[in-house]
Amino acid sequence: MSSHFLQEASEACFNGCCSSPFTTQSVTKKQEEEDHEFSLITTGASFLTRDVKFTSQESLPSLHTSFYDLITAFPDYLQTSQADHLRTTEYQNLSYSSSHVLLNHTGQQQPLFSYSQSISGSDQSLFTLSRKQVSSGEELLSYATEESRFQTRMRRRITRFMNLEESEYHMILTQDRSSAFKILAELYCFKTCPNLLTVYNYEDEAVEEMIRISEKKGVKPKTAEFSWPSTEIVSEKLKRNIARSKRRRDKRGLFVFPLQSLVTGASYSYSWMSLAHENEWHVLLDTSALSSKDMETLGLSLFRPDFLICSFTEVLGQDDGPGFGCLFVKKSSSQALSEAPEHITNPANLTVVKAEPACENDENALRESSVDHEEDHTDIVEVEEEDDKTNIEFRGLDHADSLGLVLISRRLKSLTLWLVRALTSLKHPGSHQPEMHLVKICGPKTRPKRGPSISFNVFDWQGEKVDSLLVERLAEREKIGLRCAYLQKISRIGKDKKGSDEKQNLSLRVAVVCVRLGFMTNFDDVFRIWGFVSRFLDADFVEKEKWRKKALEKNK
């Protein structure tokens, strides 16, 4: 959640006196702390704070009762009703009648525009993307500075939303988030800075593509390791990889760092960016796992990354609409994009885009696309400012700004912690000793300092893990966007023959089911997730669904 970023960053200073990520604790102690922290932030007689178990879908409380439980445990949630109002009035496509559960797995959930700005009953986009292939870092940055009035407004609005200084960064639009990683991998000066160090506890296609490109250039990438089951960074190992040997005058390279895990919700300290800069690494900050408004935290004003990648969608909930990635390049670090053309592994990777309004007249395009619904929404898209500069209304960004960092953080924390506890309250019926949990959380549990992602696995009454891909497919039928993901680089403490602790590396992928909440997710969404997962308490649920699928296919 964002709130702990604020707390951590507020304690930081340029002299490096920020909270250290290098202390270690036992898994048991960490879990005890999580339970204690959860009990401190919840109040009242919530079933989540009592040892209540549910052994069937029918035993679950109603939506109304469960919502009362939420606000009993998290009374501050009632102060986030503004988000529900926005969802109702500006994002009618996300209403409960659509039957879709709103989740965010791509890191591209922040919309530029609201649904109410789109053309009623039409799939026409508010803007289009034109593509161009560049051949060098110099051409890339030169192309980025050639802007129309519409493009200038978009850049300024996005840069302001990302809490970055316009004078300090170049902004390059890409086809998507993965394209931004490819461009940086192709143009980064790996010849003179031949190292790549990544910090991801899950398989990420964009990061894997960066790794493949770097390997073709002779780089031997390294990655952080993560503890099990908390999936937090193994600090000492990463600290050694960042520091390396100054006596050997090791050349540094590119440090690729997210502040949160997009899959497990594990949060990482800003101090890692500081340590990397102290050791002369270039830092790429991947913001895809951050919530809306997280960029407003004080920490990023202290730890400015050399590169930053983010992505946006046009309208929330319209998967077929255009989206794009953003690569921000710190102007003082632009010389790092100096890879010679002959070292480019695939010229097609250097494709950038520019946004153009759907019509030639950008003001008319946006004004005509604004429609009235049940409420009286303003049709004014362009407003005059005191200095005679004009600004386009990007309502999606405006809505996140209006909700603010504190409200969004409070809302996501309440929903995430409630869902974690609700999932772990599901237990198989019978006289199992100890009781057999239906769900096992992989990653942080009820610790408030976590992101809005939850990863877990489902187990049947015999203790056998249910295939994560099967869970994903069954959820899809219910229009619930659970996703199968794969954890990686996991190390686990086991016992050797003498009974001493021994670290064990898990080389196999660990498949998990992932849920990620977004700034417009509401309680109806998380309640439906809970209800769906509870269906696995029925020992015959999976078999019934298989037969149902066969019957549907036969009748086609």
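The values are calculated or read from the model by the stated rules, or taken from the named source; none is laboratory data. Computed from a prediction, not measured in an experiment: that's the story for all the values here. Reconstructed Cβ throughout: ideal geometry from the backbone, glycine too, with neighbour counts over all protein chains shown. We work out accessible area using only protein heavy atoms, side chains counted, and drop any ligands, DNA or RNA first. Shrake-Rupley method; radii C 1.70, N 1.55, O 1.52, S 1.80 Å.
A 1.4 Å probe run over the protein chains yields, for the stretch 185-288, 37 Å² of accessible area per residue, whole-number rounding.
Across the stretch 406-415, computed HN-Hα scalar couplings (Karplus, 6.51 cos²θ - 1.76 cosθ + 1.60, θ = phi - 60°) run 5, 5, 4, 4, 4, 5, 5, 4, 4, 5 Hz from first to last residue, x flagging Gly and Pro. Of Lys132/Lys182; Lys222/Lys489; Lys182/Lys216; Lys182/Lys251, which ones are farther than 19 Å apart at the Cα? Too far apart for the 19 Å limit: Lys182/Lys251.
Peptide packing for 479-486, 509-516, 522-529, 467-474 was compared via the average number of neighbouring C-beta atoms within 10 Å per residue; ordered from the highest value, the list is 509-516, 522-529, 479-486, 467-474. To the nearest 10, the accessible area of Ser230 is 20 Å² with a 1.4 Å probe.
Counting protein heavy atoms only, the stretch 182-231 has 48 percent of its accessible area on carbon and sulfur, 1.4 angstrom probe. For trypsin sites (Lys or Arg not before Pro), the sites in the stretch 194-283 that DSSP calls loop and that have at most 15 other Cβ atoms within 10 Å are Lys246, Arg247, Arg248, Arg249, Lys251.
Annotation note: GluC sites (Glu not before Pro) in the stretch 273-313 located in DSSP loop regions with a Cβ neighbour count of at most 15 within 10 Å are Glu280.
Each Lys or Arg adds one and each Asp or Glu takes one away; over the other residues whose Cβ falls under 12 Å from the Cβ of Asp538, this sums to -3.
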